[in-house]
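In what follows, a structure is listed as structure tokens, so that the remarks can point back to it.
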Amino acid sequence: LTARSRRMSIIKERILSDLPIQEPSKLRVIVGRNDTKCTYTSTKTHYVEQEFFRCESCFKGKQNCGVCAPCARTCHDNHRVYSIGTSSCFCDCGLQNCAIRCKAGEKCSYDAFGKVPTVQKWYECHTCWGGESSLGCCEDCANDCHSGHKLAPHAPSSFFCDCGHNKHNPNVCTYHSTGSNFHKQPFYFCHKCFTNPITEGCCYQCTKHCHDGHRISFKGIISAYCDCGLTVCAINCKIPCK
């Protein structure tokens, strides 16, 4: 062994000793030389046997973190990367537990298209936006950000992902997506903060975070935009709204 090879062997041994001990997995991911898709898209956070790589550029100080072969080639190209052999693991790059954003994994459609409406399958999240809302999330965000939430699937239609637009923060006023445009959503009147029950009101998230403990009346599912934080409201919006 050369001095460099001996040093890398010692580093590899140290890294492997820091990896969590797992029961032997019956599953194994086989990655071809030309495969470009991050293995996290299929394994999620399940520990599966696969070739694992250490990126010193992104995981300095995180001894039990690493990336799959496609991410080593695609996302961490030109980084200080070396293989630590086959291990029972999942890809931290695909998990977004990394200094860079994964280029090889499934992505929120907002990352690709922004606010340009694109035909795609989408989901209402009753947990985040209340029921019967025109706001929603793409399929990738439904599986990751809104996992365990009450979701209502919709057939493919022209849509942009509000979850991606909100930077995947579930506690955001709907005004952040709608602006002063009218959008169908559950709407509420706060008797303490508003004066006109006909024209004023707030969204589902604002009832929970800004008007909690106030006297609230449900106005119904209507086309509106949230007035919380605007001049007609007696308080400032406590969650991101613009």
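The values are calculated or read from the model by the stated rules, or taken from the named source; none is laboratory data. Model, not experiment: these values are computed from the prediction. In this analysis, Cβ positions are derived from the backbone assuming ideal geometry, glycine residues included, and neighbour counts consider all displayed protein chains. Please note that ligands, DNA and RNA were not included when accessible areas were found on the heavy atoms of the full protein model with its side chains. Shrake-Rupley method; radii C 1.70, N 1.55, O 1.52, S 1.80 Å.
So which of G213, G229 is out of contact with any Ser or Thr (no Cβ under 9 Å at 6 or more places or on another chain), open to solvent by 60 Å² or more (accessible area, probe 1.4 Å) and in a loop (DSSP other than H, G, I, E, B)? Full working, then the answer.
Values: G229 fails: open to solvent by 60 Å² or more (accessible area, probe 1.4 Å).
Every option except G213 fails the conditions.
When K208 is tested against (1) at pLDDT below 95; (2) assigned to a loop (DSSP other than H, G, I, E, B); (3) out of contact with any Lys or Arg (no Cβ under 8 Å at 6 or more places or on another chain), just one condition goes unmet, and that condition is (2). In the stretch 50-77, of all residues being open to solvent by 10 Å² or more (accessible area, probe 1.4 Å), out of contact with any Asp or Glu (no Cβ under 6 Å at 6 or more places or on another chain) and modelled with pLDDT of 90 or more, the one that is nearest to A104 (Cα to Cα) corresponds to A72. Taking the numbered list (1) at pLDDT 90 or above; (2) open to solvent by less than 60 Å² (accessible area, probe 1.4 Å) in turn, A234 passes all entries but (2).
Scanning the stretch 147-176 for residues that are in contact (Cβ under 8 Å) with a residue 24 or more places away in the chain, under 18 Å from Q205 (Cα atoms), assigned to a loop (DSSP other than H, G, I, E, B) and not polar (S, T, N, Q) yields H149, K150, C161, H168, P170, V172, C173. Filtered by the rule that a residue be open to solvent by 10 Å² or more (accessible area, probe 1.4 Å) and either touching a residue at least 40 places away in the same chain (Cβ under 8 Å) or part of a loop (DSSP other than H, G, I, E, B) (or both), the stretch 178-192 gives G179, S180, N181, F182, H183, K184, H191, K192.
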